[in-house]
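*Asks:* Below is one structure. I have some questions about it.
The values are calculated or read from the model by the stated rules, or taken from the named source; none is laboratory data. Keep in mind that what you see is a predicted model, and the values were worked out from it rather than measured. Don't worry about glycine lacking a Cβ; one is built from the backbone with ideal geometry, like all the others, and counts go over all protein chains shown.
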Amino acid sequence: MFLKIDPKALDFNVFSTIGDQWMLITAGTKEKCNTMTASWGGMGILWRVPMATVYIRPQRYTKEFVDGNEYFTLSFFGENYRNQLSLCGTKSGREVDKVKECGFTVAEGAGGAPYFEQAELVLVCRKRMVVPMDPAAVPEDVKKEFYPNGDYSWMYWGEIVEALVQA
């Protein structure tokens, strides 16, 4: 069972939670959604509201779902879900039903945004801005290491409209 809390009451290290523990970015509907593992992102305040940023490469199937919907979710799991997060980061939803493979149960947050009941924390985000990464603004060492194929990420800003924690 989840409890809704004020996003400003969240108390965790965003660097280790996103960068080391990872998160799932999910969009679509309860009936048809896709998810992907992400370890790039951030949180803060923009335009006086709690905001999350995520980065999605153009070839990712989840991008189609995030682009096609007003809301997306960020789900955070305990270490016991590391294998499922690995699967969601290495398999494409075009070829595998990741939700079924992982044994996740889909629930619905604000705006009809899908999330997973197995998560410890869920942030429901209303998409507020989408911008393609400008290759000219990316440092050469970053291009070489992270974008050797020129598949620059798109940047998504989502207003955190709902924060849900396991009770």
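*Asks:* Can you confirm whether region 117-124 contains a residue that is surrounded by 15 or more Cβ atoms within 10 Å (Cβ to Cβ), over 12 Å from the mean Cα position of the chain (by Cα) and farther than 21 Å from PRO7 by Cα?
*Replies:* Looking for residues that are surrounded by 15 or more Cβ atoms within 10 Å (Cβ to Cβ), over 12 Å from the mean Cα position of the chain (by Cα) and farther than 21 Å from PRO7 by Cα, one finds none in region 117-124, hence no.
*Asks:* Could you count how many residues in region 103-152 are within 20 Å of LEU85 (Cα to Cα) and of a type in the set (Ser, Thr, Tyr)?
*Replies:* Adding up the residues that qualify gives 2.
*Asks:* Turning to a different aspect of this structure: Residues of region 71-124 being among the aliphatic types (A, V, I, L, M) and more than 30 Å from ARG48 (Cα to Cα), which ones?
*Replies:* LEU85, LEU87, VAL96, VAL99, VAL106
*Asks:* Pick from region 125-145 the residues that are surrounded by 14 or more Cβ atoms within 10 Å (Cβ to Cβ) and more than 12 Å from THR53 (Cα to Cα): which of them is nearest to the chain's Cα centre (by Cα)?
*Replies:* Among residues in region 125-145 that are surrounded by 14 or more Cβ atoms within 10 Å (Cβ to Cβ) and more than 12 Å from THR53 (Cα to Cα), the one nearest to the chain's Cα centre (by Cα) is MET133.
*Asks:* In the list LYS30, LYS98, which residue meets the criterion of being in contact with an Asp or Glu (Cβ under 6 Å, 6 or more places away or on another chain) and of a type in the set (Lys, Arg)?
*Replies:* Working: LYS98 fails: in contact with an Asp or Glu (Cβ under 6 Å, 6 or more places away or on another chain).
The unique qualifying residue is LYS30.
*Asks:* Please verify whether region 61-76 includes one or more residues that are modelled with pLDDT of 95 or more, more than 16 Å from VAL161 (Cα to Cα), of a type in the set (A, V, I, L, M, F, W, C) and more than 11 Å from the chain's Cα centre (by Cα).
*Replies:* yes
*Asks:* Could you list all residues from region 3-25 that are more than 21 Å from VAL49 (Cβ to Cβ) and either surrounded by 18 or more Cβ atoms within 10 Å (Cβ to Cβ) or touching a residue at least 40 places away in the same chain (Cβ under 8 Å) (or both)?
*Replies:* Matches in region 3-25: GLN21, TRP22, LEU24.
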